[in-house]
1. Restricting attention to segment 112-128, does a residue exist that is more than 16 Å from THR34 (Cβ to Cβ), in the same structural domain as LYS22 (by TED's automatic domain parsing) and in contact with a helix residue (DSSP H, G or I) (Cβ under 7 Å, 6 or more places away or on another chain)?
2. Working carefully through the options SER66, SER53, SER21, SER2, find the one that is at pLDDT below 85, out of contact with any strand residue (DSSP E or B) (no Cβ under 6 Å at 6 or more places or on another chain) and not assigned by TED's automatic domain parsing to the domain that holds VAL135.
3. Would you check which residues across segment 229-242 are closer than 23 Å to LEU188 by Cβ and surrounded by 15 or more Cβ atoms within 10 Å (Cβ to Cβ) and list them?
4. Please indicate, with yes or no, whether at least one residue in segment 147-165 is surrounded by 14 or more Cβ atoms within 10 Å (Cβ to Cβ), in contact (Cβ under 8 Å) with a residue 60 or more places away in the chain and out of contact with any strand residue (DSSP E or B) (no Cβ under 6 Å at 6 or more places or on another chain).
5. Do you know which residues across segment 95-111 are of a type in the set (S, T, N, Q) and under 44 Å from the mean Cα position of the chain (by Cα)?
6. So which pairs qualify, if the first residue must be in segment 115-131 and more than 13 Å from GLN40 (Cα to Cα), the second must be of a type in the set (A, V, I, L, M), the Cβ gap must be under 7 Å, and the two must be at least 6 apart or on different chains?
7. Are there any pairs with C-beta distances below 6 angstrom linking a residue in segment 207-221 that is among the small types (Gly, Ala, Ser) to a residue that is part of a loop (DSSP other than H, G, I, E, B), with the two at least 6 apart or on different chains, and if so which?
Amino acid sequence: MSQPEKLIVPSVDHAYWFEYSKSLLDEALNKRETAAGAIQKLVVWLWGIYTASAAIGFTLSGKELSFWPAIIIAAASGSLIIVYWGTVWVQVPIAVSFDPRSPTEIKGAYNKAVKEKSFRLSVTLLGSVVAAIMVSVALMVASVSKPLKHDYSNISAKVSELGGKQILSVTAWVGETDEALVTATPLLAGDKKGEVVQSLILPSEQGLLQTSMVIPDKSAPHIMLELNWTSKSGTEIRISKSIENKLK
């Protein structure tokens, strides 16, 4: 007697989809936290690119930037930090309360947790897109910005009085040099010159020179200020400027 043939039924039936729905529910929270972890890795990757580019030369100190480009470059760093915080926010457990004896309350608490996680993930995902765009724009702005230009002739000097003494305050940019000689010569009436005052100054690492000098001749209506230094390339530079003595 022949054996009856085994009935072949579809594998994808109602039971399959019911089991699939169970897996979706079981992994709903974990999948959102996993997605947040992926965004977190993206932020770390973007931060690495951003800081590496800055180390190569995209720094604010060497660029001539107006207000808005500077804001964009600074905001790019802030956006990455905010998004990173958002990824942690997504992974923080949702506080829910329910009666463990009530399936309805358990279901409601679960749905609330999933909904809250979804909201946090959506906000963080949107933030990551914005952050990626801001980083790209910031790098482009930094790369096309013009190098910072300094003008040797831009000397700022002022005569003031302090403690009964006449003080000449000087600020200037001299670039990379070990030292600079500052000479102040009071110009008196009749083409006469007063007592010459000199000071040897060590500029800052950025090439900024700042000093104050006591000028004995208070009757001088003008003071001839002269700066002398040798650049790192060996070029000797000398600039001078007449300073009006407004105390006279």
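1. Yes: segment 112-128 contains one or more residues that are more than 16 Å from THR34 (Cβ to Cβ), in the same structural domain as LYS22 (by TED's automatic domain parsing) and in contact with a helix residue (DSSP H, G or I) (Cβ under 7 Å, 6 or more places away or on another chain).
2. SER2
3. Within segment 229-242, ILE239, LYS241 meet the criteria.
4. Looking through segment 147-165, none of the residues is surrounded by 14 or more Cβ atoms within 10 Å (Cβ to Cβ), in contact (Cβ under 8 Å) with a residue 60 or more places away in the chain and out of contact with any strand residue (DSSP E or B) (no Cβ under 6 Å at 6 or more places or on another chain).
5. SER97, ASN111
6. If the second residue must be of a type in the set (A, V, I, L, M), the pairs left are GLU116/ILE94; LYS117/LEU29; LYS117/VAL90; LYS117/ILE94; ARG120/VAL90.
7. Matching pairs, first to second residue: GLY207/VAL174; GLY207/GLY175; GLY207/GLU176; ALA220/LEU188; ALA220/GLY194; ALA220/ASN245.
The values are calculated or read from the model by the stated rules, or taken from the named source; none is laboratory data. What you see is a predicted model, and the numbers here were worked out from it, not measured in a lab. Neighbour counts run over all protein chains shown; Cβ positions are idealised from the backbone, glycine included.
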